[in-house]
Structure formats: C-alpha cells, structure tokens
1. Quick one: length gained pulling E56 to A267 fully straight, 0.36 nm per residue minus the C-alpha distance?
2. Might you report the magnitude of the Cβ-based charge dipole of the stretch 5-272 about its Cα centre, with Lys and Arg at +1 and Asp and Glu at -1, to the nearest 20 debye?
3. Stretch K92-E247 to full length: gain in nm at 0.36 nm per residue minus the Cα-Cα span?
4. May I ask you to work out the translational diffusion coefficient for the stretch 151-210 at 10 °C, viscosity 1.306 mPa s, via Stokes-Einstein with Rh from the Kirkwood sum over Cα pairs, reported in whole µm²/s?
5. Of N36, G137, P18, which is farthest towards the positive pole of the chain's charge dipole, taken about the Cα centre with +1 and -1 on the beta-carbons of Lys, Arg and Asp, Glu respectively?
6. In whole Å, how far is the Cα centre of the stretch 107-160 from that of the stretch 1-78?
7. So for the chain, taking the charge dipole from beta-carbon charges (+1 Lys/Arg, -1 Asp/Glu), which of Q210, H81, A269 sits furthest toward the positive end?
8. May I ask you to give the average projected area over all directions of the convex hull of the Cα atoms of the stretch 67-126, in nm² rounded to one decimal?
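Bear in mind that the values in this text are calculations on the coordinates, not laboratory data. Note that the structure is a prediction, hence the values are computed from the model and not measured. All Cβ positions, glycine included, derive from the backbone under ideal geometry; neighbour counts span all protein chains shown.
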Amino acid sequence: MGFPSKALLSALQYRAEPSDIFVSAYPKCGMTWVQNIVYLILGDAIPLAAEQRMTELFPHLEEVGKDSINALPAPRLIKTHLPFVMTPYHPKTRYIYVARNPFDCAVSFFHHTRGFPKHYDFADGTFEDFFECFVAGEVDFGDYFDNLTSWYAHKDDQNVLFLTYESIKLDLCRAVLSIGKFLGHDFSQNESLVEMVLHHSSFSSMSENQDRWSSPRPENMPAFIRKGVVGDWVNQFSPEQTRCLLEKCSRREQGCNLEALWPDIFAMARQHC
C-alpha cells in the first residue's frame, strides 16, 4: 500500500459519526463515480469547480488518517477501500458499497497500478505479472474476494446500500435516484435536478475533468477515468487466465453468489475459456 503506515493506523482509530457518509469499494470498482454522484446529490447538482479536488472534499480515510477526517464539516464524506470488519462503524452511519465484476476490475486495476509509478514502480509491468498478483491477493488492499464478501454479508443492512458498477452503467438514472433516496434526498420529481446530476456524473463529463478526481499521471499512461465500459476484460485475458479466475471465483463464492451478481459476465467467461 502506498500510504504511510501512520495514516492507516490512525484511520483504524476513527470513530464513525451518525451523520457520516462512507463510500466503499475495492480499488477500481466505481468508487470515484459514486463519490461524484453523492457529492452532486448533496450539493444540488453543482459540480466541482475547476480548482476543487474530490480527494480533498471526499478524502480517503486510509490516506489522510482520523485527524483530517475529524476536521471535515458534517456530514463528513469519507472514502475507504477497507473491508467491512475494518471500517469504522456506527449503526446510524450510511455506507454505500460498490462491487464490480472481478474480470473488469483486474484489468482496470492493472492500468491504475501502471499509472502511478511513484507509488507502485510498475510502469513497465505486464498484465501477466499483475494478474498473478491479483489472483493471489497480493495487490494493494489485499484480496478482492475478501473485500467483496465482507460487504456482501451486510448488503441487506438498513444502513448499507450495496450497488454494482454494472447496474449503475446499465441505468444511471435509477442508480442516482436510489442513492438519493438512501441519503434522504428523494428528488425524483425534480426533473431538472435529476438531469443535472446525470449530466455531471456521466462518463463524458467526468473524463473531461481528469484532474478533479486524482493526482496527475504521466502523459504516456492511461487516464484515471479510462474507459468506463463493461466486458472489456475479454480483450486482455487469455483463455488460461479466464479459467484461472473462474476457478478462484468458484472457491471463494461461499456466502456470496457472484454469478447471480454478474450472470452475463460469467457466461462470457465460460465461452472465452
């Protein structure tokens, strides 16, 4: 992990407040997208200004530590990649978790890792090397399946909204309204507000403003907001890699019906290998 150990230890000591709003996900599963949606919903669909950065308004708990979070105005907007058991908890705090199918996640995480050479020293790394680490859980924030299953077990909790990247992509309007209702902002009858949130949370809008979502990346690296599609993994995976990840899914799906979350992806994977 590229964050100071002191900040991580401090983050684990943070005490969640009832008004806090957490957005959680394993890396590269749609967290920044949902952060932006939450920010727009709470801010009357006014997007980040040119000089504003999501990392400051909606900071990463493990990166900044508890003191920085405590300094935020309520409601505190907090990002975390931690599994459920390690996430600061309060029964009245609201948690939004975003899951993405492991195939697309692996590819996106590979490009992300290459794009931050100061953190990872992997600018020239291959997908083959990264894939082995991903399947073994030896990447930033550990095993994908440990993270997903920990939150999936709480998907029906009253204070948890469990979403998938794919469902947001399929129907952004429905996802926006669902998130708004979960946050106590039912604006479904305000068509102009809904349209503004949809516009500013669209892929085209977010990809035009890359510097608002992440620290700068080298010019020869993929953009932080890269493709925003579902199923592109098939252009990167070999049949052997597909078979390997399917086997890992089969071993780790106890308590989490992965195929029910992504039936089309799993059907595509079986055809691919």
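1. Gain in length upon complete extension: 71.9 nm.
2. Dipole magnitude for the stretch 5-272 comes out near 400 debye.
3. That works out to 52.0 nm of additional length.
4. Estimated diffusion coefficient is 125 µm²/s.
5. Ranked along the dipole, the leading option is P18.
6. Measuring centre to centre over Cα atoms gives 19 Å.
7. H81
8. The directionally averaged projection comes out at 6.2 nm².
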